[in-house]
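K.L.:
Just passing along the structure, written as structure tokens.
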Amino acid sequence: MTLLLRLLAVGFLLCSTATLTAQSPAPSWTQWGGPTGDFMVPSTGLANSWPAAGPRRLWTRALGEGHSAILAEGGRLYTQYRPLIAKGRSQEEVVIALDAATGKTIWEHRYPSPTAGVNYTEGAGPHSTGLIAGNRLFIAGSRREFMALDKNSGKVLWSHDFMKEYGAPEIDRGMANSPIMFNNLVLIPIGGKGQALGAFNPETGALVWKAGNVEYSPATPMIIDVDGQKQVVLFGGDRIAGYDPANGRELWSHAHRTDWGLNISSPVWTPSDHALVFSSAYGTGSRAIELRQAAGKTSVTERWNVNRVRVHIGTIIRIGDTAYMSSGDFGPAFLTAMNTKNGAIAWQDRAFARAQLLYADNKLILLDEDGTLAIANVSPQGLKVLSRATILENRAWTPPTLVGRTIYVRDRKTIAAYDLGS
């Protein structure tokens with residue numbers, strides 16, 4: 001090959017690489033549920049097995065109480081915690097930005113969060129997960145605080161106190177809902193009559209609309225598309241309902257009451273079969289409803305409901321016509337495969353404690369409350385565990401965050417990063 005041809009070839013490869021890089025932004029995790037809000041992650045190249053000690057740990061450090069999931073963007077991590085103190089509980093909550101490569105603190109923002117009147121017997125808040133949009137980080141505190149911070153510095157840009165400003169009732173165990181984005185609105189439950197859900201201007205914090213009378217529950221809202229119509233679904237304590245995210249108009253609702261209004265897990269929407277599947281502990285179980293829309297009107301048809309499958313705090317992963325979940329109230333939790341067409345249980349497995357699930361690279365990634373991390377193959381025929389290791393020592397209720405081949409995990413005292421690559 002002549003020198004000229006070699007130079008042209010090198011130039012072509014450099015241009016191709018630059019174009020690929022421009023079209024393939026670095027992976028991130030900027031909201032509850034990850035890139036698509038359903039804990040289905042586009043990572044590849046994950047290992048099929050680990051050494052007996054588990055995957056390679058990149059770093060670990062002390063953090064504190066709370067169940068907020070970990071956001072990741074641009075080489076930084078963001079989460080919330082309550083500091084650990086020698087006696088009793090701290091009366092503050094903290095928003096923190098960390099270096100993703102080392103775990104070192106970049107900035108912190110602290111705000112008062114008294115524990116009086118809040119039931120933290122099952123672990124103290126903060127419970128909510130933040131939202132990154134542009135240069136802003138939106139977070140919710142345990143006592144219905146809602147604020148926007150500059151994600152680069154931690155400076156508070158605006159804030160609301162839903163109890164003081166809107167008369168929202170105090171939450172027994174602390175606010176757990178996470179904010180979500182729709183077009184140029186930030187949506188989050190406010191709480192109370194006529195304000196089950198609120199929409200805020202992300203730049204100024206101004207209230208754009210509030211609506212809805214469903215009872216409060218800890219579940220995070222979600223955006224779905226029903227036959228071309230965008231809807232925000234709110235899983236309330238007494239029912240599940242859909243609203244127009246542009247103005248708050250209620251489009252439909254369906255009864256699903258649980259004891260104490262504790263609907264916690266996120267529903268799963270599959271537009272190909274118009275099915276919304278959701279599940280609760282506290283005596284109610286699981287349901288599937290069919291949503292169809294024409295001329296701005298949504299019809300709701302219940303397909304099935306079963307009481308035997310009860311997701312408490314965990315995530316639900318749907319693959320084809322099967323949903324995988326950790327089912328159990330306060331006793332044993334069974335990893336369960338359920339047919340989404342009829343609610344029939346395909347199988348149950350007691351290999352793990354109550355768990356949070358992700359799905360990536362054709363593998364189920366599981367973190368149970370005892371701190372066991374595992375990868376497995378799942379199908380309607382059964383579970384095949386490929387590798388497992390105990391990586392956390394304290395109660396772990398927070399879903400892990402997978403960015404590329406790095407998984408970030410936390411329990412009630414520590415946060416850590418592990419390499420899951422092959």
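The values are calculated or read from the model by the stated rules, or taken from the named source; none is laboratory data. Note that the structure is predicted; figures quoted are calculated from it, not measured. Please note: Cβ atoms are built from the backbone with ideal geometry, for glycine as well, and neighbour counts cover all protein chains shown. These area figures cover heavy atoms from the full protein model, side chains too; ligands, DNA and RNA do not enter into them. Shrake-Rupley method; radii C 1.70, N 1.55, O 1.52, S 1.80 Å.
K.L.:
Percent of accessible area on the chain owned by carbon and sulfur, 1.4 Å probe?
P.N.:
52 percent
K.L.:
Another one. Please work out the C-alpha center-to-center distance from segment 270-332 to segment 106-184 and express it in whole Å.
P.N.:
Between the Cα centre of segment 270-332 and that of segment 106-184, the gap is 28 Å.
K.L.:
Let me ask you something else. Taking H placed 1.01 Å from N in the peptide plane, check which residues at least 5 places from residue 178 or on another chain put their amide H under 5 Å from its amide H.
P.N.:
129, 220
K.L.:
If you don't mind, another one. Pick from 131, 84, 63: which is most flexible by mean-square fluctuation in a GNM of the chain where alpha carbon atoms under 10 Å apart are linked?
P.N.:
84
K.L.:
State the answer as a single residue: which of 100, 179, 162 lies farthest towards the positive end of the charge dipole of the chain, with beta carbon charges of +1 for Lys and Arg and -1 for Asp and Glu, about the Cα centre.
P.N.:
Towards the positive end, the residue furthest out is 100.
K.L.:
While we're here: Tell me what the chain gives for mean residue ellipticity at 222 nm when only DSSP H runs of n ≥ 4 count, each as -39,500 (n - 2.57), the sum divided by the residue total, rounded to 500 deg cm²/dmol.
P.N.:
So the helix-based figure for the chain works out to -2000 deg cm²/dmol.
K.L.:
How large is the accessible surface per residue of segment 244-345, computed with a 1.4 Å probe and reported in Å² as a whole number?
P.N.:
39 Å²
K.L.:
What's the local net charge at residue 400, with K and R +1, D and E -1, over the other residues with C-beta under 15 Å away?
P.N.:
So the environment of residue 400 carries a net charge of +1.
K.L.:
Right, next: At q = 0.06 Å⁻¹, what log₁₀ I(q)/I(0) does a Debye calculation on the Cα points of the chain give, no solvent, two decimals?
P.N.:
Computed log10 I(q)/I(0) values: -0.24.
K.L.:
Taking θ as phi - 60°, what are the ³J(HN,Hα) couplings along segment 371-383 by the Karplus curve (6.51, -1.76, 1.60), each to the nearest whole Hz, with x for Gly and Pro?
P.N.:
Karplus-based 3J(HN,Hα) across segment 371-383 equals x, 8, 9, 8, 10, 8, 9, 10, 7, x, 8, x, 10 Hz.
K.L.:
Counting Lys and Arg as +1 and Asp and Glu as -1, what is the net charge of the other residues whose Cβ lies under 14 Å from the Cβ of residue 77?
P.N.:
Neighbour charge sum, excluding residue 77 itself: +2.
K.L.:
Okay, moving on. Gaussian network model of the chain, Cα springs within a sub-10 Å range: biggest mean-square fluctuation belongs to which of 346, 148, 374?
P.N.:
Per the Cα network of the chain with a 10 Å cutoff, 346 tops the list.
K.L.:
Right, next: Using R₀ = 35 Å, calculate the FRET efficiency as 1/(1 + (r/R₀)^6) where r is the Cβ-Cβ separation of residue 57 and residue 172; round to 0.05.
P.N.:
Efficiency, rounded to the nearest 0.05: 0.45.
K.L.:
Let's see if you can work this out: charge +1 on each Lys and Arg Cβ, -1 on each Asp and Glu Cβ, no other charges. What is the dipole magnitude of the chain about its Cα centre, in debye to the nearest 20?
P.N.:
Charge dipole, the chain, about its Cα centre: 520 debye, nearest 20.
K.L.:
So if I place +1 on the C-beta of Lys and Arg and -1 on the C-beta of Asp and Glu, and nothing else carries charge, what would the dipole magnitude of segment 93-235 be about its Cα centre? I want it in debye, nearest 20.
P.N.:
So the dipole magnitude of segment 93-235 works out to roughly 200 debye.
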